[in-house]
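Below is one structure, written out as structure tokens; comments come after it.
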Amino acid sequence: MFSEGILEHLQETKVVDFLDELEIPAYVVDKNRRIVFWNKQATKLTGYEANEVVGKFCAEQVLNHVDRTGIPVCNTELCPLYQSIKNGIPVQVPFAVYGLTKSGKRRPFSVVGLPIKKDNEVLGAIELFTDAEKMDADMSLAIRIQESFVPQNTENIEFFYRPSTGLGGDMIYYNPPWVGIIDISGHGIAAALVSMLVRTTLDTIIAFDPPLQGLPFLLENELKKFSFQNIYLTGVIGQLSEGVYRFVNMGHPSPINVTKKTLIETKNVIPVGFGFSEEYDESVINTHNLNDGNLLLYTDGLTEIKTKSGMLTSQGLLDILSPNDTTSTIYLKTLHLRAPGLQEDDITMILFKK
């Protein structure tokens with residue numbers, strides 16, 4: 001049974017007539033996300049006639065949206081219809097979703113959810129969805145480019161990179177002996193572009209063989225030239241030589257000694273981007289000998305995963321670690337604890353092994 005009054009409200013306000021003549025695929029759901037209306041353009045794009053979908057849920061073998069990795073979007077908190085109904089505001093999914101067409105093939109769609117209100121009460125929502133083939137092709141190329149910069153594992157170092165929406169602001173820097181992990185503020189395309197700029201800037205700085213403690217200040221000064229606003233980065237970056245990692249921590253989560261399951265207390269400097277970096281002396285340098293245990297660097301997307309009991313936190317991560325863990329086993333362990341169906345933040349790791 002449809003939520004009371006939504007179809008009548010749409011008919012009284014002529015919204016049904018408007019949507020049916022709209023040159024954009026659209027459908028309407030009630031508060032339970034059951035489809036109550038399906039327009040002509042939606043039929044044209046998907047192949048489904050209105051009488052085949054009205055009365056069903058969109059996840060009920062209709063569009064059945066999934067993200068790029070195949071994880072369902074319908075019935076999760078990232079569903080734009082869910083967010084529109086819950087919060088009473090328009091919501092756009094920040095990435096292409098893949099909807100099931102009648103032919104059985106999936107197509108990429110750009111999706112927007114709009115709440116339907118009467119006397120300030122939300123009755124349901126409208127979803128507008130357009131073909132995103134071109135956007136998806138461009139995104140796929142950008143993802144391949146970014147992924148090409150993720151280093152291959154070596155005998156003593158494992159690298160792990162899993163962005164939340166295909167493109168991310170996390171970055172692995174590997175230019176032996178220099179190696180480190182950086183987290184750019186924000187997500188998606190803008191953060192990914194900034195990460196590429198940071199990578200190029202680091203290459204330029206390191207070509208002059210700077211002292212390790214001077215890297216944050218030099219990076220700050222170079223990035224000032226681009227006049228970014230509200231963009232900053234945290235990171236752990238240093239040099240690995242003969243089993244010893246010497247590094248600076250720029251306001252980043254503390255590394256973990258995986259073998260001993262302990263959090264390493266580090267001397268930190270200010271994140272880059274706020275304009276407060278100084279010409280630090282050698283006292284800011286941290287040192288870890290891999291004879292003391294395998295060392296894990298990670299971005300906060302790992303420890304800020306939402307579990308059923310709240311945020312995972314660094315302590316929660318320590319609790320699930322085993323001395324012989326790899327980056328893949330660590331990720332899988334956190335995956336089993338995750339409450340939402342979708343990964344909400346970029347997750348990146350570097351594991352140094354003896």
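The residues in segment 20-44 that are open to solvent by 60 Å² or more (accessible area, probe 1.4 Å) and acidic (Asp, Glu) can be counted, and the count is 2. Out of Thr326, Thr266, Thr348, one residue alone is among the hydroxyl-bearing types (Ser, Thr, Tyr) and under 19 Å from the mean Cα position of the chain (by Cα). It is Thr348. Of the residues examined, Phe159 is not one that is at pLDDT 95 or above and over 30 Å from Lys353 (Cβ atoms).
Give the number of residues within segment 58-82 that are open to solvent by 30 Å² or more (accessible area, probe 1.4 Å) and modelled with pLDDT of 85 or more. Number satisfying all stated conditions: 2. Residue by residue through segment 51-83, note down the ones that are without any contact (Cβ under 8 Å) to a residue 12 or more places away in the chain and of a type in the set (Val, Ile, Thr). Matches in segment 51-83: Thr69 only.
Candidates in segment 215-261 are the residues that are at pLDDT 95 or above, part of a loop (DSSP other than H, G, I, E, B) and on the phi < 0 side of the Ramachandran plot; of these, the one that is most open to solvent (accessible area, probe 1.4 Å) is Lys260.
For segment 308-320, the criterion of being surrounded by fewer than 19 Cβ atoms within 10 Å (Cβ to Cβ), under 18 Å from the mean Cα position of the chain (by Cα) and modelled with pLDDT under 90 is satisfied by no residue at all.
Please indicate, with yes or no, whether at least one residue in segment 189-201 is of a type in the set (Val, Ile, Thr) and open to solvent by 60 Å² or more (accessible area, probe 1.4 Å). The answer is yes, given that some residue of segment 189-201 is of a type in the set (Val, Ile, Thr) and open to solvent by 60 Å² or more (accessible area, probe 1.4 Å).
Pairing residues of segment 6-22 that are free of Cβ contacts under 8 Å to residues at least 40 places away in the same chain with residues that are open to solvent by 100 Å² or more (accessible area, probe 1.4 Å), at Cβ distances under 7 Å and at least 6 apart in sequence or on separate chains, gives Asp20/Lys40.
The values are calculated or read from the model by the stated rules, or taken from the named source; none is laboratory data. On a predicted model such as this, the values are computed, not experimentally measured, just so you know. All Cβ positions, even for glycine, are placed from backbone atoms using ideal geometry, and neighbour counts span all protein chains on display. To get the accessible areas, we keep the full protein, side chains included, count just its heavy atoms, and leave off ligands, DNA and RNA. Shrake-Rupley method; radii C 1.70, N 1.55, O 1.52, S 1.80 Å.
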